[in-house]
Structure formats: C-alpha cells, structure tokens
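The block underneath contains the structure these notes are about, expressed in structure tokens.
What follows draws every value from the coordinates through simple rules; no lab data is involved. Computed from a prediction, not measured in an experiment: that's the story for all the values here. Cβ: placed from backbone, ideal geometry, glycine included. Neighbour counts: every protein chain shown.
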Amino acid sequence: MSNATPLPTAFAPADRAAPAEVQRQAEALAQAGALAALSNAVPAAVLILNAERQIVYYNAALAGFAPDPAPPGLVSLRPGEALACIHAAENAGGCGTSEFCRECGAVRAILTAQAGRPTVSECRITRRTHGVEEALDLRVQATPFDFAGETFTIFAVSDIGHEKRRQALERTFFHDLNNTAGIISSLAYLIDQAPQAAAELPVPQMLAQASDRLRDEIRAQRQLLTAETGELQLALETVDTRAFLEALAALYRQHEVAQDRRLVVTPVCASAPLVTDGSLLGRVVGNMLKNALEASQPGETVTTGCERLADGWLRFWVHNPAVMPRAVQLQLFQRSFSTKGAGRGLGTYSLKLLGERYLSGRVAFTSAEGQGTIFSLTLPPQP
C-alpha cells in the first residue's frame with residue numbers, strides 16, 4: 001500500500017510500498033523455482049522491481065556495482081539508492097524524483113517498462129564514496145515481468161565504462177591527434193615539394209606550435225588516465241594569478257576555436273601568489289576557456305578573471321554569452337556526456353575530476369538568460 005499523501009516529485013512517482021508489502025513480494029520471489037540459479041548465471045546485475053520501483057529481488061552480481069561500503073538492506077531501495085547516486089537523496093521521495101532524474105536513462109527505462117514496453121538504454125551515474133566522486137557508465141535493460149498475478153520489472157545493469165572510454169578516445173583524442181599530425185605532415189610536404197611557397201610562411205613557428213600541441217594532447221590524455229586511477233602526482237609551484245591568466249588567454253587566442261571571437265582578461269583580475277600545480281590549473285581553466293569559445297558565436301566575447309573572495313578563497317571564472325539548455329545543465333560533469341554528439345565527452349568531467357580531487361577546489365557553473373554562462377574554479381586559502 002502506498003502513502004496516503006503523495007510525496008512531491010520532479011519526475012517519477014515518489015510513493016513507496018509499505019515495508020510489509022515489500023517483504024511479502026521479496027519472499028514470494030525468493031521461493032520462485034529456478035530464479036536464483038538463472039539470475040546468478042549471468043554477469044549482469046539483475047534486479048526485480050515492484051510497481052514503486054523498489055528492489056524486491058537481486059542477484060549476486062549487484063555486489064560488483066554497489067559502492068563500498070554497500071548500503072545495508074538493498075531490498076526496498078530503488079536502483080539509484082542501491083548504487084549511491086548523488087541525486088538519489090536530493091528529494092524526500094528518493095531515486096527518480098529529482099530534477100536531474102528527468103535525464104536519467106535508468107528511470108526512463110523503468111517507466112517505459114512499467115508502461116508495458118521492454119527497453120534498453122544507457123545511464124550515467126555519479127556517486128560519492130569516501131568523499132570521492134566516481135562516474136559509472138551503464139547499459140540498462142528493463143522488461144515487464146508478471147508473477148503470481150502482479151506486474152514487476154526485470155532490470156538488468158551492465159558496466160560499459162570501458163566501451164564509452166574507448167569511444168571517447170577514438171572520437172576526441174585520436175581525432176585531435178590526427179588533425180595535428182596532419183598539420184605537421186602538410187608543413188613537411190610544403191617544405192619538401194614547394195620550398196618557394198614555404199619561404200613565404202612562418203613555417204618553423206607553425207611546426208613548433210603544431211608539435212607543442214601534439215605533445216600537449218598526449219600529455220593531457222595521460223594526465224586524465226592517471227587521475228582516474230588515483231596515481232597522478234602534483235608538481236607544486238607558485239604562480240601569479242593574473243600573469244597565469246594572461247599567459248593562458250594569449251595561448252588560447254591562437255587556438256582555432258578562437259577564430260572571429262574575442263578573449264579578454266578582465267581589468268580587475270586579482271594578482272595574487274598561488275601555490276598549486278600550474279599544469280593542472282592550466283588544464284582546468286584552459287578547458288573552461290576552450291568550451292566557452294566553442295559555445296560562442298563569431299563576434300562574441302569570452303571574458304575570464306580571478307577574484308579573492310571574502311573568506312580568502314580564490315575564484316577563477318570564465319564567462320560567455322551563450323545559455324545552455326536545462327537538459328544539458330542537468331548532465332554536465334558526467335563522464336561520457338557531451339553536447340557534441342555520441343562518443344564525445346570527458347571535457348567537463350575532467351574539469352571536476354582535476355579541479356576537485358587534485359586541486360582541492362570547487363568546480364561549478366551558472367547559466368541563465370540575460371546572464372550567459374559562467375564556469376568557475378574556487379580554490380581554498382593559501383596555507
């Protein structure tokens with residue numbers, strides 16, 4: 001029996017079955033013939049959900065997906081609660097009821113199955129265990145299931161993180177790598193086959209820039225891989241915040257994404273000594289600049305700056321005039337999510353990973369009509 005007064009929700013129904021009802025369903029399924037043997041014979045996590053999307057049965061493979069430590073008593077939880085999704089506890093109604101759940105492939109798949117249609121979808125979940133955020137890329141399959149006069153949903157979960165990472169590598173890293181290598185190849189061909197034409201261009205400088213970019217792309221990917229495994233080592237140095245931004249802006253003004261766009265450092269940018277890993281800081285703020293330039297239209301201006309807040313924290317920020325659709329805002333910082341199409345991604349996810357886990361800062365954004373979009377990295381006071 002559901003609660004008499006419906007709980008508020010921003011998406012899926014929030015009410016739950018009474019504990020005694022969940023226990024009755026769980027016991028009935030536990031006694032169902034070959035169910036355990038069949039479900040434990042597959043590598044995917046298999047859950048059976050009741051009409052309120054609560055777990056009434058699960059196989060042994062779910063332990064491979066649950067966080068460490070796993071929530072006590074998985075029966076009666078919803079999938080996002082069992083997996084410790086960071087949005088599962090935002091509303092009193094739990095998993096499926098926050099605004100973020102509107103874009104969740106898992107909740108959508110379950111609701112589709114409850115409407116009588118089997119479905120397969122992808123789902124990105126971010127969870128926090130031991131104070132560290134972890135990204136999951138999942139393939140979920142939801143199928144209606146009738147048992148003893150009741151309708152349930154069989155919900156199967158597979159980890160596709162390696163597959164999504166490979167796609168992102170192929171379509172971003174290798175794509176960019178190939179483009180840069182193509183520039184170097186073209187310049188070498190020009191020197192060899194058309195020396196007269198090459199003499200009219202700053203070929204040595206162009207080769208140096210392309211080579212530097214090639215090394216930087218390789219370094220960035222290696223940095224991200226070691227960051228995800230927790231093996232990245234910081235190389236601390238003291239940088240001046242204004243000089244750092246001026247140099248970074250000068251670099252990105254030469255990038256192809258800056259064509260026909262202005263990139264300026266605000267005149268009131270703070271100049272303060274900061275002990276940090278300059279390379280990682282450049283990666284995070286540089287990604288913000290690149291994203292802002294890509295989101296801007298020709299003729300528009302991207303502005304960046306740094307300010308010291310009242311509590312002593314330093315805040316780097318990047319502003320562009322564009323406004324992100326709400327559906328995009330709800331999925332930012334998830335690994336493999338991208339506004340650039342399937343198989344892209346890692347950009348905003350890497351901002352949060354490097355900026356928060358390694359630089360000990362806070363990465364955030366705001367995006368609204370009349371204000372544009374601001375990404376920020378706020379770093380703690382210096383010791």
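Quick one: pull the percentage of alpha-carbon pairs in the chain with a separation above 37 Å.
Values: 25187 of 73153 pairs.
So the pairs more than 37 Å apart make up 34 percent of the total in the chain.
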Among all stretches of the chain without exposed GluC sites (Glu not before Pro) (DSSP loop, at most 16 other Cβ atoms within 10 Å), which one is longest?
91-199
Gain upon complete extension [residue 186, residue 36; 0.36 nm per residue less C-alpha separation]
47.9 nm
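Within the chain, which DSSP H helices have Cα atoms that stretch 24 Å or more along the helix axis and a mean Kyte-Doolittle hydropathy of at least -1.0? Could you put the intermediate results ahead of the total?
On the way: long enough: 174-193 (27 Å, 0.33); 203-228 (38 Å, -0.62); 278-295 (25 Å, 0.46).
Helices passing the filter in the chain: 174-193, 203-228, 278-295.
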How big is the range 19-159 along each principal axis, measuring the range of its Cα positions in Å and listing the largest first?
41, 29, 29
Rounded to the nearest 5, what is the percent of antiparallel bridges among the DSSP beta bridges in the range 149-304?
55 percent
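Using 0.36 nm times the number of residues separating residue 177 and residue 24, minus their current alpha carbon distance, what extension gain do you get? Numbers along the way, then the final one.
Working: separation 153, 0.36 × 153 = 55.08 nm, distance 5.75 nm.
Full extension from residue 177 to residue 24 adds 49.3 nm.
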Net charge near residue 16: determine it from the other residues with C-beta under 10 Å of the C-beta of residue 16, scoring Lys and Arg +1 and Asp and Glu -1.
-1
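Do the sum for the chain: with -39,500 (n - 2.57) for every DSSP H run of n ≥ 4, divided by all residues, what is the mean residue ellipticity at 222 nm, to the nearest 500 deg cm²/dmol?
Values: 12 runs with 130 residues, N = 383.
After summing the helix terms and dividing by residue count, I get -10000 deg cm²/dmol.
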In whole Å, how far is the Cα centre of the range 228-279 from that of the range 293-320?
11 Å
Taking Cα pairs closer than 8 Å and at least 6 residues apart, the relative contact order of the range 1-69 in percent is 25 percent
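Over the chain, what is the percentage of antiparallel beta bridges among all DSSP beta bridges, to the nearest 5? Mind showing how you got there, number by number?
Numbers: 55 of 59 bridges.
If I count the DSSP bridges inside the chain, around 95 percent turn out antiparallel.
For residue 25, what charge total do you get from the other residues with a beta carbon under 11 Å from its beta carbon, if Lys and Arg give +1 and Asp and Glu give -1?
Cβ neighbours under 11 Å give a net charge of -3.
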What percent does the relative contact order of the chain come to when contacts are Cα pairs within less than 8 Å and at least six residues apart?
11 percent
